[in-house]
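Notes follow once the structure below has been shown.
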Amino acid sequence: MNEAEQRTSSPTRIAVLGLGNMGAALARAFIARGHDVTVWNRNAERSRSFAGSCGVAADAAEACRGAEMVVACLANYRATREALDIPAVREALAGRTLVQLSTGLPAEAQQLGDWAATLGAGYLDGKIAVTPGRIGEDLTVIFYAGPKVLFEARRPALLSLGGRPTHVGEELGRASIADFAFLSFYFAGILGILYGAAFCQAAEMDLDQFFAAMPSFTAEMVERVPSFRDMISRRDYAQAQSTLKVDLAGARLLAQVAGQAGLAPRFPAFLVEMFEGPVGGGLGEADTAALTEVFLKAKARPPSQ
Ligand SMILES: NC(=O)c1ccc[n+]([C@@H]2O[C@H](COP(=O)([O-])OP(=O)(O)OC[C@H]3O[C@@H](n4cnc5c(N)ncnc54)[C@H](OP(=O)(O)O)[C@@H]3O)[C@@H](O)[C@H]2O)c1
C-alpha cells in the first residue's frame, strides 16, 4: 500500500480537542480523509462550524469516549491538563491513544506521558513543524515521540495531517527538541525575509519583485543543505563554497547600508557579531558551516580547516 492509499484507508474514530487555528485545521484534515471525527472546544462557538461535517461533543469526556485516538491541540500543556485532568475524561481516556500536539518543553511531554500511563492510555507527543494552512500537504513534517509500535499503529491515520510523520525516538521529550531545531530555522528565516522586505520598503524598491525572487532565495539555502550536512557530520569545513571571511565582509556591508537606510540596526549587527567571532578565531577560510562549531562552543573540538 502506498502512502497516498494509506492516507485514505482504515477510517479511525478520532476525537479532536481544541479548535483554535491549528486544531480546526487538524480536524478538517481528518474529516477530509474520511475518518470518523468528533470535535470539542471549550468555547462552543468555535465548534459550531463543524456541525454537519462531523460529531460535535458537548464536553471533552463525551468526545473521548467514542474515540480510538484522541488528538489534543490546545494552547499549551497546562491547558491540555486543565481540559483532561477531570474524573470523566480520565476515565474516558483509558485504553485509548492520546496524541498531544501543543508546543512545549521536553519535561512537559514527559510529565503528560507519565500521567497518561497512570490512566492506561497510550501516549504520543507530537510537534507540528508547519502553520495550519499546510496541514495535510505531502511535504508537511510532524515530529512524534513515544513508543515506536504505537506510532506505527497510528501512522496511517496520522498521515492525514501531513505526508511526513517523523518518529524521532521513544523518549517523550525528543519531539520537542526536534521542534526547537525546526523553530531555530523558522524564526531566523522569517526574520531574514521580513528584514529584507523592510529594506525594500525603506529604499522604495518594488516589494513584488523582492517576494517574486523568494523561490530563488530559498533554493539558495536548500542547495547548500547537502554540503552543510556532510561538513557538519565530519566536522571538517575545508571544502568551502563560501567562506566565513566572505560572509563577514557581506554582513558588514549589509550593516552599513541598513544604517544608511535608517533601519533598526540590531539584526545586521547580530550577523556581523556571529561571523566576527570565528573569523577572529582563525576560521576565516572555513565554510559558513563552521558556525555550528561556535554554537557548540562548550563541546567543540578544534575543527580542521
Ligand atoms: N498556529 C500555528 O501556526 C501553530 C504551528 C505549530 C504549532 N502550533 C501549536 O498548536 C497549539 C495551538 O495553537 P493555535 O494556533 O491553534 O492556538 P489558538 O488559535 O490560540 O487556539 C488555542 C486553543 O486552546 C484552547 N484553550 C486554551 N486554554 C484552554 C483551557 N484552559 N482549556 C481548554 N481549552 C483551552 C482554546 O479554546 P477556546 O476557544 O475555548 O479559547 C483554543 O481551542 C499551540 O501549542 C501552538 O504552539 C501552532
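The values are calculated or read from the model by the stated rules, or taken from the named source; none is laboratory data. What you see is a predicted model, and the numbers here were worked out from it, not measured in a lab. Note: ideal-geometry Cβ built from the backbone for every residue, glycine included; neighbour counts use all protein chains shown. Side chains are part of the model used for accessible areas, which takes the heavy atoms of the whole protein and leaves out ligands, DNA and RNA. Shrake-Rupley method; radii C 1.70, N 1.55, O 1.52, S 1.80 Å.
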For this session: Work out how much length SER10 to VAL246 would gain on full extension: take 0.36 nm times their residue separation and subtract the Cα-Cα distance, in nm to one decimal.
Result: 79.5 nm
Problem set entry | THR166-SER227 FRET efficiency (beta carbon distance; Förster radius 22 Å; 0.05 resolution) | 0.45
Problem set entry | Note, ³J(HN,Hα) from phi for region 45-55, Karplus 6.51, -1.76, 1.60, rounded to Hz, x at Gly and Pro | 3, 6, 7, 4, 5, 8, 4, x, 9, 6, x
For this session: Can you check how the C-alpha radius of gyration of region 98-150 compares to 2.2 N^0.38 Å, as a plain ratio?
Result: 1.23
For this session: Grab every C-alpha pair in region 136-231, bin the distances at 10 angstrom width from 0 up to the longest one, and report whole percents.
Result: 14, 30, 29, 19, 7, 1
Problem set entry | List MET205, MET22, ordered by accessible area with a 1.4 Å probe, largest first | MET205, MET22
For this session: Could you state the orientation-averaged shadow area of the convex hull built on the Cα atoms of region 177-305, in nm² to one decimal?
Result: 8.5
Problem set entry | Per residue convex hull volume, Cα atoms of the chain, in Å³ | 170
For this session: State in Å² the accessible area per residue of the chain; use a 1.4 Å probe, count heavy atoms of protein chains only, and round to the nearest integer.
Result: 53
Seminar exercise, completed: Full extension between ALA94 and GLN260 adds, at 0.36 nm per residue less the Cα distance, a length in nm of 53.4 nm
Exercise. Residue-wise, which Karplus ³J(HN,Hα) couplings in Hz belong to region 67-78, taking 6.51 cos²θ - 1.76 cosθ + 1.60, θ = phi - 60°, and x for glycine or proline?
Worked result: 9, 8, 10, 10, 10, 9, 9, 8, 4, 6, 5, 4
Exercise. Using a 1.4 angstrom probe with every protein chain in place, what is the largest-first accessible-area order of MET274, MET221?
Worked result: MET221, MET274
Problem set entry | Degrees separating the helix 174-202 axis from the principal Cα axis of the chain, which is the longest one | 50
Problem set entry | Listed residue (GLY163, GLY189, ALA153) projecting farthest to the positive dipole end of region 150-196, Cβ model | GLY163
Exercise. Among all the aspartates and glutamates, which ones have a C-alpha under 15 Å from LYS127's C-alpha, if same-chain residues fewer than 8 places away are not counted?
Worked result: GLU108, GLU170, GLU171, ASP179
Exercise. Simple spin-label model, 7 Å along Cα-to-Cβ: ALA197 to LEU253 in nm?
Worked result: 2.6
Seminar exercise, completed: Residue by residue through region 254-268, the couplings from Karplus 6.51 cos²θ - 1.76 cosθ + 1.60 with θ = phi - 60°, in Hz, x for Gly and Pro, are 4, 4, 5, 5, 4, x, 5, 7, x, 7, 4, x, 5, 5, x
For this session: Mind checking which lysines have their Cα closer than 27 Å to the Cα of LYS297? Skip sequence neighbours fewer than 8 apart in that chain.
Result: LYS245
For this session: Have a look at the DSSP beta bridges in the chain and tell me what percent are antiparallel, nearest 5.
Result: 15
Seminar exercise, completed: Dividing the helical contributions, -39500 (n - 2.57) per DSSP H run of n ≥ 4, by the residues of the chain yields a 222 nm value, nearest 500 deg cm²/dmol, of -15500 deg cm²/dmol
Exercise. Which order do SER49, SER242, SER176 take when ranked by solvent-accessible area (1.4 Å probe, heavy atoms of all protein chains), largest first?
Worked result: SER49, SER242, SER176
